[in-house]
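A quick write-up on the structure given underneath.
The values are calculated or read from the model by the stated rules, or taken from the named source; none is laboratory data. Note that the structure is predicted; figures quoted are calculated from it, not measured. Glycine also receives a Cβ, built like all others from the backbone with ideal geometry; neighbour counts cover every protein chain displayed.
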Amino acid sequence: MTQTDSACGRRNALRFLTALAAAGAWPAVRAQDAFPGKPIRVVVPFAPGGAIDVAVRAMTDRVAIEIGQPVVVDAKPGAATIVGADAVAKAAADGYTVLVTTSSTTINNAGAYRKLPYDPATSFAPVTLVSLGSVMFAGPANAPYNGLQEFARWAKAQKRPISYGTWGKGSSAHLFGELLRTRYGLDMQHVPYKGDVSALSDVRGGVLDTTFSSPVSARPLVRANAIKGLGMTGPRRSGGLPELATFGEQGFAGFELAGYVAVYVPAGTPRPVIDRLNKAFVAAIKVPEVAQRLVDQGQDPIASTPEELAEVYKRDAPQWLALMKAAGVEAE
């Protein structure tokens, strides 16, 4: 083949590929290779300024650097995260609409609602686990017990219901209280609040016996000896309160479950796009400043593969749903 023939062949090939692109027949893999080619929208189904929203914004600032495109955070609160989740479930499966939410979207809502506009198990494709969120159990500063074993003995000796506050019926805090009642024979009486700050105030004031709380809300009071930290749920100690032992360390099994924050895209998103997003989010989570921001918001940074996130859901969902049923949380 002469150089002239070779050059002619290249020109013909280029014209063919150009024609394919103009006709909309460019192979899908090329579009995936070019991802991302425009800004990405990250939907957060919580109110702006909250713990999750703050943590997400710190993370997405770094994601934007990793992918070379702007990342716009779109807060869509409402109906226990259903509004924002549904918007992502119905979005194009092209990677340009991402959901960052807690396990309440995919697990708790499945037990609390008979009908959802999205399917928690099939509407989303996993990208990465961001972090685990522990819950702290606390009592008054002047309580005559230290730690969970002493609390359990004290509670059984009272011959009355022991009140415990949470941020709402069906919350992980409510379910942990029911676990104390059903598995460990403690007469626990649930008192739901609109948030954990009010419950902490009532424990401090002696109105409430105990409460479950996020480490973020409780940490200043624990450090000031205004309340007494008794134990932390989850598989390991919280980075926000590392001095406080877990339930498991104190001999209380079953509290290893932890709520989590995770990243999803609409089901059907091409795997190369998911892999690109996973790489960017994992890199962002591992940046020390971002990891510390997550810790400051009561989250323990994790980062994972899509498969690992799917496995966490598969493992934890049945356990949470069983606790909801035992707690009498009926689907609405």
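When you scan the stretch 88-95, do you find a residue that is of a type in the set (K, R) and either assigned to a strand (DSSP E or B) or closer than 25 Å to S238 by Cβ (or both), even just one? Talk me through it step by step, then tell me what you get.
At the first step, the residues of the stretch 88-95 found to be of a type in the set (K, R) are 90.
Restricting the remaining residues to those that are either assigned to a strand (DSSP E or B) or closer than 25 Å to S238 by Cβ (or both) gives none.
Looking through the stretch 88-95, none of the residues is of a type in the set (K, R) and either assigned to a strand (DSSP E or B) or closer than 25 Å to S238 by Cβ (or both).
Which residue out of A291, A310 is surrounded by fewer than 19 Cβ atoms within 10 Å (Cβ to Cβ), touching a Pro at 6+ places or on another chain (Cβ under 6 Å) and not in a loop (DSSP other than H, G, I, E, B)? Working first, answer last.
Values: A291 fails: surrounded by fewer than 19 Cβ atoms within 10 Å (Cβ to Cβ).
Going through A291, A310 in turn, the sole match is A310.
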### Query
Does G234 satisfy being in contact (Cβ under 8 Å) with a residue 60 or more places away in the chain, touching a Phe, Trp or Tyr at 6+ places or on another chain (Cβ under 9 Å), outside the structural domain of V44 (by TED's automatic domain parsing) and of a type in the set (G, A, S)?
yes
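Within the stretch 30-47, can you find the residues that are in a loop (DSSP other than H, G, I, E, B) and modelled with pLDDT under 85? So that I can check it myself, show each step before the final result.
Step one: of the stretch 30-47, the residues in a loop (DSSP other than H, G, I, E, B) are 34-39, 45-47.
If the condition is that a residue be in a loop (DSSP other than H, G, I, E, B) and modelled with pLDDT under 85, then A47 is the only one that fits.
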### Query
What are the residue pairs meeting all of these: first residue in the stretch 253-266, first residue free of Cβ contacts under 8 Å to residues at least 60 places away in the same chain, second residue β-branched (V, I, T), Cβ atoms under 9 Å, and 6 or more apart or on different chains?
E256/T233; E256/T246
### Message
Out of Y118, Y145, I need the residue that is within 24 Å of L221 (Cα to Cα) and either in the same structural domain as K286 (by TED's automatic domain parsing) or of a type in the set (F, W, Y) (or both). Which one?
### Response
Y145
### Task
Please work out which residue is farthest from the chain's Cα centre (by Cα), limiting yourself to the stretch 154-176 and to residues that are at pLDDT 95 or above and surrounded by 14 or more Cβ atoms within 10 Å (Cβ to Cβ).
W154
### Query
Scanning for something modelled with pLDDT under 50, in a loop (DSSP other than H, G, I, E, B) and either exposed (fewer than 10 other Cβ atoms within 10 Å of the Cβ) or under 19 Å from the mean Cα position of the chain (by Cα) (or both), does the stretch 9-23 turn up at least one residue?
yes
